[in-house]
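Have a look at the structure below, then the notes.
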Amino acid sequence: RYSLFYNRLKNIEENEGGLDKFSKSYKTFGVNQLVDGGIYCKEWAPGAEAVFLAGDFNGWNPFSHPYKKMEYGKWELFIPPGQDGCSPVPHGSKLKVVIRAQNGELLYRISPWARYVVRDEDKVNYDWVHWNPPQSYIHKHPSPKRLKSLRIYESHVGIASPEGKVASYKNFTYNVLPRIKDLGYNCVQLMAIMEHAYYASFGYQVTSFFAASSRYGTPDDLKEMIDVAHSMGITVLLDVVHSHASKNSEDGLNKFDGSDSCFFHSGPRGTHQLWDSRLFDYANWEVLRFLLSNLRMWIADYGFDGFRFDGVTSMLYHHHGIGTGFSGDYNEYFGLHVDEDALCYLMLANHMINFLHPECITIAEDVSGMPALCRPVAEGGGGFDYRLAMAIPDKWIQIIKELKDEDWNMGNIVHTLTNRRHEEKYIAYAESHDQALVGDKTLAFRLMDAEMYTNMSVLSPLTPVIDRGIQLHKMIRLITHALGGESYLNFMGNEFGHPEWLDFPRKGNNESYHYARRQFNLTEDHLLRYRFLNAFDRDMNKLEERFGWLASPQAYVSEKHESNKVIAFERAGLVFIFNFHPYQSYVDYRSFFKYKILLDSDAAEYGGHQRLDHSTEYFSEEYPHNYRPNSLMVSKIFCILICQKISK
């Protein structure tokens, strides 16, 4: 694998003038403004008989501006400036690449390198709009320094409002970013930014890879949003989709030059059976140019600080993970079923980012557990910084769905939270956008279900269902945060137990936006119990910011008591004690020197019952317990305690 990577990198260095120049191809491909006011156009269309540029600028004459054929399936066109030195293609005018296919048919296509595409309300397909404003947004603030502890707020701009509509970049900038900052998250991961024709695809059916989605605003609006995030010290990651592409041809990459291949594999190998989308040919030189340049553009032009790569499992294997389970046997990761071209692309991408933008972060969404995916490329690894701990949310769903409270297995919970590859960093999360989508349930909805509609008011009685749901919601999130990895992720709204599910406008729901929104206003109503969960999430993050357990070595688990349903562990100089017993509280509980309480899920401000005196100090003694030389006696334990050693 490393040899394949090395040879590809060497070929790029020898034939393209280096990785830096190769990954800046977005400055020459597509339609680009020259310093003298002229326009330079370049496309890769190996299956085309002829290529032309048409648009508002030439009255949509399909043949007046032909491209010149070059080597290796490339075509170029130079349009001189006007007599006054102005651009012959005005800013905001519409364009199309006209392809004469092998069968003589004329195809009107959007350039794969288009920077801005829009859809009029009365149209089905998107239009390519030339984006070249007289004055582009200029970033004012530098990117934050690389974070040691990553607390990620997974976000979708379009649903980031209580109103039933597509929210804007401006709304996110001025209403959501301050909220993220207040909650203690230091990183925002943006979904559905790369343009996608179908809103309900959640951004995972990309049609224009270089275009920021216009349904939320302009490219400059997005640049401002990222700049403001940087001013708050918030790192911004892009959820990048290089695992597949939409099958759209009128406004997508599919059949761009009239052939079945071009950017993709031809035949069955070029189509994903479950996603009904096209699969890239990662061995193709021009595909590598396209994808690497795509990453570079999002960093250089917009200021993104890294990427979460979607669908990495699908990329890594020829079977795409379909109908395949992963037990951890090394035969599952090494063999002819591994797509080494795709793996080589990921290594190239991470090498490029690390070499040219070392402050950037990359995350792999891989459910298979591919070894060394998050080790440096120089070691033969994939080069990612983090991988998602995808087994954790599945475990919580399985426990809540299938087991009675008294049957929860403490050892199994601890095993799931700590079972990760040594020296590879994991992002722990109790739930993400996957669990919020229609057809699934969030943790809050699984725990409290229909009672969320009637009993979340403090004026109504605290029913056993709501009480249990609120306490477990806090406990699950904190133990995942503290024990599950080297980073933490939360999907927007889930921090306060957002009710119901997430569903985008579609025919099946009469194009309704009712469920395509986030009701942040629920946390601002002091008569609703959502504010307790919101406050706990904020203080949990603030405590991690103070003590940095995510950047600390893995925890030492000193207790996982099955009959008592107690889990205790040490990390970052703190002692974490969890009581998962459904009805038993404990008095004079020995765990293992003077300690004080830092965070207590039973506190009143978190919707608890306030049964502990926070002024109490706990003294350890030379009493061996759970293989530790010293221990302390906790007077009472109800749900969660985090204690800090304050003296010897």
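The values are calculated or read from the model by the stated rules, or taken from the named source; none is laboratory data. Just so it is clear, the model here is predicted, and its values are computed rather than measured. Cβ coordinates were reconstructed from backbone atoms using ideal geometry, including for glycine residues, and neighbour counts include every protein chain displayed. The area values use the complete protein model at the heavy-atom level, side chains included, leaving out ligands, DNA and RNA. Shrake-Rupley method; radii C 1.70, N 1.55, O 1.52, S 1.80 Å.
Taken over region 481-521, the residue count meeting the criterion of being open to solvent by less than 40 Å² (accessible area, probe 1.4 Å), within 21 Å of residue 607 (Cα to Cα) and out of contact with any strand residue (DSSP E or B) (no Cβ under 8 Å at 6 or more places or on another chain) is 10.
Among the residues of region 386-400, those identified as in contact with a strand residue (DSSP E or B) (Cβ under 9 Å, 6 or more places away or on another chain) and either part of a helix (DSSP H, G or I) or not basic (Lys, Arg) (or both) are 386, 388, 389, 392, 397. Checking each residue in region 280-333 for being open to solvent by 10 Å² or more (accessible area, probe 1.4 Å), in a loop (DSSP other than H, G, I, E, B) and either touching a Gly at 6+ places or on another chain (Cβ under 8 Å) or small (Gly, Ala, Ser) (or both) picks out 281, 283, 303, 321, 323, 325, 326, 327, 328. Return the residue satisfying two criteria in turn: it lies in region 26-55 and is closer than 30 Å to residue 104 by Cβ and not in a strand (DSSP E or B), and of such residues it is farthest from the chain's Cα centre (by Cα). Per the criteria, the residue is 49. Of all residues in region 514-554, those that are within 24 Å of the chain's Cα centre (by Cα), part of a helix (DSSP H, G or I) and of a type in the set (D, E, K, R) total 6. Quick one: in region 199-219, which of the residues that are part of a helix (DSSP H, G or I), open to solvent by less than 30 Å² (accessible area, probe 1.4 Å) and in contact with a helix residue (DSSP H, G or I) (Cβ under 8 Å, 6 or more places away or on another chain) is nearest to residue 114 (Cα to Cα)? Per the criteria, the residue is 216.
Residues that are closer than 30 Å to residue 539 by Cβ, out of contact with any Cys (no Cβ under 8 Å at 6 or more places or on another chain), among the charged types (D, E, K, R) and open to solvent by 50 Å² or more (accessible area, probe 1.4 Å) do occur in region 125-145.
Could you please let me know if residue 431 is open to solvent by 30 Å² or more (accessible area, probe 1.4 Å), closer than 25 Å to residue 553 by Cα and either of a type outside the set (Lys, Arg) or in a helix (DSSP H, G or I) (or both)? Judged against the criteria, residue 431 is not a match.
Residue check: is residue 151 open to solvent by 40 Å² or more (accessible area, probe 1.4 Å), touching a strand residue (DSSP E or B) at 6+ places or on another chain (Cβ under 8 Å), charged (D, E, K, R) and farther than 17 Å from residue 498 by Cβ?
On the way: open to solvent by 40 Å² or more (accessible area, probe 1.4 Å): no; touching a strand residue (DSSP E or B) at 6+ places or on another chain (Cβ under 8 Å): yes; charged (D, E, K, R): yes; farther than 17 Å from residue 498 by Cβ: yes.
In short, no.
Within the option set 222, 190, being in contact with a helix residue (DSSP H, G or I) (Cβ under 8 Å, 6 or more places away or on another chain), in a helix (DSSP H, G or I), at pLDDT 95 or above and closer than 21 Å to residue 516 by Cα holds for one residue only, 222.
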